[in-house]
Amino acid sequence: MPFSVEGKHLSLLVKETFDNTTAEDVEKYVLKSFDGAWGGVDGLSKKLKVKPEAGVPSKEVEERRSHFGENKVEEEPQESLLSLMWGALQDPTLIFLTVAAFVSLAIGIFVEQRPFGWLEGVAILTAVVVVVTVGAVNDYQKEKQFRDLNAQKENIDLTVLRDGQTQTVSVHELVVGDVVLLSTGDVLPADGVVMGRNDLAINEKMLTGETVMKKKTPQYVIKNKSVVSSPTLFAGTFVQEGEGRLLVLAVGPNTYQGGMAEKMKEADSGRSILQRKLDAMTDLITTVSMWVSIALVIILLIRMGIAFHGKKCCFETWDHRVHWSEILGFVITGITIFVVAVPEGLPLAVTIALAFSVKKMLKDQNLVRHLSACETMGSATTICSDKTGTLTTSRMTVVKVFCGSRIFSTLSNIALPNPLKIAFMEAAVVNTMSKSNLVAGPTLGVPVYTGNDTECGLLVMANTIGTGGGTIDYNGHDMPYKDIRKRYPEDQDGRKQFTFSSARKRMSTRVRLPNGKYKIFTKGAAEMVTAICTHRVTVDGGLEVMSSAVRAEVEAVIASFADEALRTLCIAYKECDSPIEDVEEAEKGMVMIGLVGIEDPVRAEVPDAIKDCAKAGIVVRMVTGDNMRTAAAIAKKCGIIDDSIPMEHQVIDGKTFREKVSDKDNNLIQSEFDKIWPSLRVMGRSTPLDKHLLVSGLQASRMEGMPVQTVAVTGDGTNDAPALKKADVGFAMGIQGTDVAKNASDVIIMDDNFVSIVRAVMWGRCVYDNICKFLQFQLTVNITACTIAVVGAAVLTESPLKVIQLLWVNLIMDSFASLALATDDPNRVPGLKEQLLNRKPYPRTQALLSKIMVRNMFAHALYQLLVLFILIFCIGDVCEAGATINECGGVPYWRAPIDVGIRSGRPADYDLINLPADVKCIDAYKQDDPSTYWYVRDMPLDASGDTFEGAIPIRQRTYCEEQHGCGERSIHMTIVFNSFVLMQIFNEINTRKLHGEMNQFAGALYNDWFIRVMVGTLASQVVLVQVPGINTAFGCSGLDWAQWLVCVAIGASELLVHYLCALLPYEWIPLGSWAGSMDDATLDETAEEIRAEMAAKEKGAGNTPGDVEMSGVPQQVRN
């Protein structure tokens, strides 16, 4: 099908209407084009070959997509792996190590000129490459994962008109010419124009910065030199009020938003409380380790200076080949200790834990929009939950009808006069949104609801009454409710909708009758609608005045319905001679048709989920718009009501709550709030302002004896956005939630089920535990490695662990351990879910390091240090080298306390204390001292017969080079290194338990990553110790099977130490800010900083769909 217009032409039209908004510019530029060249909305429909009542034929969709483009804005390409590696290499410590490695290479090759002098430099460079590669690969995979998640998050469903039927399609399937049905809370998916009659009020703040709602009509309306309404709708803006239809003109990059220089970006929530605690701890460790490293280098330099001053062995005179290399070794050792000490693996562990949990949480129906929400849910103390669809099934079914003075429980043969039946059906159907529809489902005769569930329940009622309970073909078009909609179409002349508001608790629709008069249908909260009724319909179709007796009868029915946990709506109407535009006037003097009792069954799994929350120390509070009695009845079924607290203290209505806890300006009075909230469980007839007040008060409360509250809130409506943003974690409903609510949330519950929120709590605690496991492991390794390196360097003159070995340990700690310890899955590990949910929430002020963790860390570190110092100082005989560097060539000068038959690998400088005086040092060559050289005569040089006569120094040029290095590739130091690594590997099993559990193996086999890392680390350790060439680079010498058994036994002994650790007391251990704690004042200040940062990011990004204007939101808290 050829089109006479191109996408770029339509895009220019939209841009022209956006750029010219004043009345003068509209008249001068826009009207000539919009009404003239394009022919207005009707002309655009014709040019796009679209019938407003039928929409786009399905067979044309692909052709339109090909011609006008698809509704996607291409993302910037993902950063390449090489680019990420280059970015990772910008770390100052890695840069310093790289430079030091090249200097080491230069000295080894050109200065020392010894075999394999280049190995240490190459080994350091290799370690740097591995660290950079692992970090970059992790970043690359994380970014790819989040791109996939964002693609799913942005793939929302829309209701469009195609082939004359409403259909649900993905936003990405939208094409130019589509007719989209809009209602309150929808974010516009494309640019276009409004079609037919509507009452749309659009919030364009995210594009223009203006908070004033913009009215929309199919034509420009200009009065008093100002634009009253316009026809153009823009992608990214949202419907604040009303409903209507959008004719799509531009999609994807052709929209005004898509063509902007910078695409609107979602503002992240900033770094969470946990991450800031980790940042503070990392800064402290970094500062301390930096000064320790500097002090160590200074100490070693001072020792060198003292050695030169005392003319000690090999320090008689300066030797460039020896002493520059030694100084470089000091610096590299200092840097390496700093690199090992700094827990740079923490951010990686946090990232892995969060990314892993985000992916798994999606399977548990939690789509995480802000990463920090994952761990924040672990400290949740309160969940303020909606009722409908969250605690209940949202399968709304009308089970009782009250009309006249009779209650009907069977709708199929309801005993009412036919005109009254028709009136009842019309009032129920006309006053519903067009997006609410019934479609065929998998079960014959049981429809699937689309749109608002309450309205769908009313449509089912209309169908049942209209057919007398007969079978309905939901695949067809012949249904009573559709017949009514055809009689009163949306674009009917004179039709107007007065949209629902939380203040009025009702909505109304005005239609024009065939006789020229008008009829207004109203539905809403029973007590709110009956209050505006002056008459009611009798059973025979007549009218009677709503006397006090009648009102008492109606109120009794409402109460009885509420006691049965039925949601009660009142349906009313009135006729008028002329159209009434004012909503207050329109809803005066209504005639009550009847009441409908709608059942919304409690989800079968909810009571158990509420019990899980109670065990987990979380209080669930229901916040609903239903009346008090209905809310209380459902709360009792759910298990929210606490039998130990008087009912009158647990249930309150929104109006009473608001009057008690806020002043006339709606500012919270904290002292009054604190009198109510501890026992509050249910709030009925609440407004968004009430929910916002509740959240604000809970967060600000500092009652003595009560924990600081971490508040999670659920919401589905546009007006819930402020409370969702205010909460510590905001949950939006994925099915019932408006786009505005979703944009304001931290997590989207895909199935609208309360159980999914409990799963989010479980994952939050699991993330926190996973991070703490890694923290416990890394700090244990830090304490051991740094103490060994510092004490060894200070006592032995060099670290017992070579630079390359320390870097390997650092790699184990950072990248591999973070994968192993940050990926426990509570859905796989038996008993882990119950363990996570059977303890109280951790306060957000609580230290990251618990007393048990501190005990475990220092106990294991002290044991490891004891073992390593024994291995370093108590084995290894001091003797001349034999056939190999690891064997004695005679009787040892000093036999080690533990005789294992190997030669010492300690530096010769240290072992000098155990040597006889005559062999402690070979003196440097002195011409006047014959004892320092051999004098030879007539020594043949080669086959030519040339001879040499002169002095040959006894001290060879390599003698001083061999005085350092902890025994080049010695078995002794290989055993030290191997035992150290194996103790860390086995202790990795221990650190999986944080709360004093005895069985450290429980659940380990259910974590695939843990098994892979353990096996991979062990295999790698074997390779770098045993494989020739590789072990040379790592300063190792191959071990025999007996030596390996000893090393494995030493490593495995860590498992026994775990049991001994559990017997040690820990209550006496003091915890302070060093352990990651945070006092209340700092917590409040930090939380405020996070909110301010997020607000600033959103303002800068232009992403403000969640910033819904809501009058009366409290601006301050008063004590």
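Restricted to region 272-330, and to residues there that are under 24 Å from residue 99 (Cβ atoms) and outside any helix (DSSP H, G or I), the residue that is most open to solvent (accessible area, probe 1.4 Å) is 318.
Each residue in region 672-702 was checked for being open to solvent by 10 Å² or more (accessible area, probe 1.4 Å), outside any helix (DSSP H, G or I) and within 18 Å of residue 842 (Cα to Cα), and 1 pass.
Conditions (1) of a type in the set (Ser, Thr, Tyr); (2) over 16 Å from residue 232 (Cα atoms); (3) in contact with a Phe, Trp or Tyr (Cβ under 9 Å, 6 or more places away or on another chain), marked per residue:
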residue: 3; (1), (2), (3): no, yes, yes
residue: 25; (1), (2), (3): no, no, no
residue: 44; (1), (2), (3): no, no, yes
residue: 69; (1), (2), (3): no, yes, no
residue: 82; (1), (2), (3): no, yes, no
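Looking across region 396-415, just one residue is small (Gly, Ala, Ser) and either open to solvent by less than 10 Å² (accessible area, probe 1.4 Å) or not in a loop (DSSP other than H, G, I, E, B) (or both), and that is 404. Candidates are the residues of region 823-859 that are part of a helix (DSSP H, G or I), under 28 Å from residue 706 (Cα atoms) and out of contact with any Leu (no Cβ under 8 Å at 6 or more places or on another chain); the one that is most open to solvent (accessible area, probe 1.4 Å) is 834. Scanning region 737-782 for residues that are in a helix (DSSP H, G or I), open to solvent by less than 10 Å² (accessible area, probe 1.4 Å) and hydroxyl-bearing (Ser, Thr, Tyr) gives 756, 780. Quick check on my filter: what residues within region 15-41 are at pLDDT 85 or above and more than 17 Å from residue 229 (Cβ to Cβ)? Result: 15, 16, 28, 29, 32, 33, 36, 37, 38, 39.
If the condition is being among the aromatic types (Phe, Trp, Tyr) and either under 13 Å from residue 977 (Cβ atoms) or at pLDDT 95 or above (or both), then region 1018-1058 contributes 1034, 1044.
Yes/no matrix, rows are residues, columns are (1) more than 28 Å from residue 543 (Cα to Cα); (2) over 47 Å from the mean Cα position of the chain (by Cα); (3) outside the structural domain of residue 527 (by the TED database):
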position	(1), (2), (3)
416	no, yes, no
424	no, yes, no
432	no, no, no
437	yes, no, no
510	no, no, no
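Residues considered: 705, 715. Of these, the only one that is open to solvent by 30 Å² or more (accessible area, probe 1.4 Å) and either under 20 Å from residue 625 (Cβ atoms) or modelled with pLDDT under 90 (or both) is 705.
Can you report the number of residues in region 969-1005 which are in a loop (DSSP other than H, G, I, E, B), crowded, with 18+ Cβ neighbours inside 10 Å and not basic (Lys, Arg)? Final tally of qualifying residues: 4.
Given the structure, is residue 1024 open to solvent by less than 30 Å² (accessible area, probe 1.4 Å) and either closer than 30 Å to residue 884 by Cα or more than 34 Å from the chain's Cα centre (by Cα) (or both)? So residue 1024 fits the description; yes. Within region 655-674, residues that are in contact (Cβ under 8 Å) with a residue 24 or more places away in the chain sit with their Cβ atoms under 7 Å from residues that are assigned to a helix (DSSP H, G or I) and of a type in the set (Ser, Thr, Tyr), at 6+ positions apart or across chains, in these pairs: 668/696.
If only residues of region 578-619 that are part of a helix (DSSP H, G or I), closer than 30 Å to residue 544 by Cβ and hydrophobic (A, V, I, L, M, F, W, C) are counted, the one that is most open to solvent (accessible area, probe 1.4 Å) is 583. Each residue in region 881-895 was checked for being part of a loop (DSSP other than H, G, I, E, B) and surrounded by 14 or more Cβ atoms within 10 Å (Cβ to Cβ), and 6 pass.
Identify, from the list 898, 870, the residue that is in contact with a Cys (Cβ under 7 Å, 6 or more places away or on another chain), modelled with pLDDT of 90 or more and open to solvent by 40 Å² or more (accessible area, probe 1.4 Å). Just a single option satisfies the conditions, and that option is 898. Selection of strands (runs of 3 or more DSSP E) fully inside region 451-543 by the criterion of at least 1 residues being open to solvent by 50 Å² or more (accessible area, probe 1.4 Å) and either acidic (Asp, Glu) or closer than 23 Å to residue 684 by Cβ (or both) returns 496-501.
I'd like to know if region 566-583 contains one or more residues that are farther than 21 Å from residue 408 by Cβ and without any contact (Cβ under 8 Å) to a residue 40 or more places away in the chain. For region 566-583, residues farther than 21 Å from residue 408 by Cβ and without any contact (Cβ under 8 Å) to a residue 40 or more places away in the chain: present. Considering each residue of region 812-822 in turn, at least one proves to be at pLDDT 85 or above and either buried (at least 24 other Cβ atoms within 10 Å of the Cβ) or farther than 25 Å from residue 378 by Cα (or both). Scan region 156-173 for residues that are in contact (Cβ under 8 Å) with a residue 40 or more places away in the chain and touching a strand residue (DSSP E or B) at 6+ places or on another chain (Cβ under 6 Å) and jot them down. If the condition is that a residue be in contact (Cβ under 8 Å) with a residue 40 or more places away in the chain and touching a strand residue (DSSP E or B) at 6+ places or on another chain (Cβ under 6 Å), then 159, 160, 161, 162, 166, 168, 171 are the ones that fit. Within region 833-846, one or more residues are closer than 28 Å to residue 1001 by Cβ and among the hydrophobic types (A, V, I, L, M, F, W, C). Of all the listed residues (550, 591, 545, 539), the sole one being over 48 Å from the mean Cα position of the chain (by Cα), more than 30 Å from residue 381 (Cα to Cα), among the β-branched types (Val, Ile, Thr) and at pLDDT below 90 is 539.
Here residue 442 does not fit the description of being touching a residue at least 60 places away in the same chain (Cβ under 8 Å) and open to solvent by 40 Å² or more (accessible area, probe 1.4 Å).
The set of residues in region 3-48 being out of contact with any helix residue (DSSP H, G or I) (no Cβ under 9 Å at 6 or more places or on another chain) and acidic (Asp, Glu) consists of 24, 27, 42. The set of residues in region 4-25 that are more than 45 Å from the chain's Cα centre (by Cα) and touching a residue at least 60 places away in the same chain (Cβ under 8 Å) comprises 23, 24.
The values are calculated or read from the model by the stated rules, or taken from the named source; none is laboratory data. Owing to the predicted nature of the structure, the values given are computational and were not obtained by experimental measurement. When we count neighbours, we look across all protein chains shown, and the Cβ atoms used for this are built from the backbone with ideal geometry, even at glycine. The area values use the complete protein model at the heavy-atom level, side chains included, leaving out ligands, DNA and RNA. Shrake-Rupley method; radii C 1.70, N 1.55, O 1.52, S 1.80 Å.
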